[in-house]
Amino acid sequence: MAYDATTLPDVSGLTVGIIGGTGDQGRGLAYRFARAGQTVLIGSRSAERAAQSAAEIAALPGVSAGTQVAGADNDEVARRSDVVVIAVPWDGHAATVAGLAEPLAGKIVVDCVNPLGFDKQGPYALRVEEGSAVQQAAKLLPDSRVCAAFNHVSAPLLADPEIERIDLDVLICTEERELVDVVAALAARIPGMRGIYAGRLRNAHQIEAFTANLIAINKRYKAHAGIRVTDL
């Protein structure tokens, strides 16, 4: 079956929470969703920092005055959101996710964290005991609906108000096929993006690791490379 965006559900009424919304990746995703008119909640360990970041995003070009962008601590954002994106640094991933298990119960959780290390030779994938960041999240959140997505989206592209379209595919890994359409519909709120099912959670480790290759590509060619799947 070819990709058909017309079959995707209407997700415009969902509240999207970003845990780690004051970091580059989280802030960029928050901006793009807010620019699309989505209600966005910015989460941080500091409610004050989250509120400041939310105010800055709401004032950026392309964000309508009627779009709700607010900030709060991670726990409150987890409780108030329909879909929660985990965009924290890898070294704080396990502790942050484990601490939110109760408010994230029953929620759709989208993990976009890439376990990477860096040395003088460049970026490289780290070994994760559970297999991948998203599998670690799924183990820590047994009552949540977990998937991996948005791993390969360039933070500088997301944050640049002059860029109207971001032409790439968002690879989605999950155990629940029905989540694919919801997350794909959110991706489609950002002009140029498509959400593509890429297998179960056990297949996420190579997607997370491939970010190291993209960073190397970007450094060599001074680009903001992404992924586009052909023949769809």
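The values are calculated or read from the model by the stated rules, or taken from the named source; none is laboratory data. Bear in mind that the values here come from a model prediction, so they are computed numbers and not experimental data. Here the Cβ positions follow ideal geometry from the backbone for every residue, glycine too, while neighbour counts run over all protein chains shown. Just the protein is used for accessible areas: all its heavy atoms, side chains included, with ligands, DNA and RNA removed. Shrake-Rupley method; radii C 1.70, N 1.55, O 1.52, S 1.80 Å.
Identify, please: which residue in region 1-24 is among the aliphatic types (A, V, I, L, M) and not in a loop (DSSP other than H, G, I, E, B) and is, among those, most open to solvent (accessible area, probe 1.4 Å)?
First pass over region 1-24, keeping only residues among the aliphatic types (A, V, I, L, M): 1-2, 5, 8, 11, 14, 16, 18-19.
Okay, now just the ones that are also not in a loop (DSSP other than H, G, I, E, B), so 5, 16, 18-19.
Values: 5: 55, 16: 1, 18: 0, 19: 0 Å².
Per the stated criteria, the residue is 5.
For region 155-184, residues that are touching a residue at least 60 places away in the same chain (Cβ under 8 Å), closer than 20 Å to residue 62 by Cα and surrounded by 15 or more Cβ atoms within 10 Å (Cβ to Cβ) total 5. Of all residues in region 185-202, those satisfying the criterion of being over 23 Å from residue 33 (Cα atoms) and open to solvent by 50 Å² or more (accessible area, probe 1.4 Å) are 200, 202.
As a summary of the residue check, residue 130 satisfies the conditions (1) surrounded by 15 or more Cβ atoms within 10 Å (Cβ to Cβ); (2) in contact (Cβ under 8 Å) with a residue 12 or more places away in the chain; (3) among the acidic types (Asp, Glu); (4) more than 22 Å from residue 187 (Cα to Cα) except for the one numbered (2). Under the condition of being closer than 16 Å to residue 146 by Cβ and of a type outside the set (D, E, K, R), which residue from region 203-222 is surrounded by the fewest Cβ atoms within 10 Å (Cβ to Cβ)? Per the stated criteria, the residue is 203.
Kindly evaluate residue 114 against the criterion of being closer than 23 Å to residue 14 by Cβ, in contact (Cβ under 8 Å) with a residue 24 or more places away in the chain and part of a loop (DSSP other than H, G, I, E, B). Quick ask: steps written out before the conclusion?
Numbers: closer than 23 Å to residue 14 by Cβ: no; in contact (Cβ under 8 Å) with a residue 24 or more places away in the chain: yes; part of a loop (DSSP other than H, G, I, E, B): yes.
Considered against the rule, which asks whether it is closer than 23 Å to residue 14 by Cβ, in contact (Cβ under 8 Å) with a residue 24 or more places away in the chain and part of a loop (DSSP other than H, G, I, E, B), residue 114 comes out as no.
Identify, please: which residue in region 152-181 is under 13 Å from the mean Cα position of the chain (by Cα) and part of a helix (DSSP H, G or I) and is, among those, farthest from residue 31 (Cα to Cα)? Filtering first and then ranking leaves 155.
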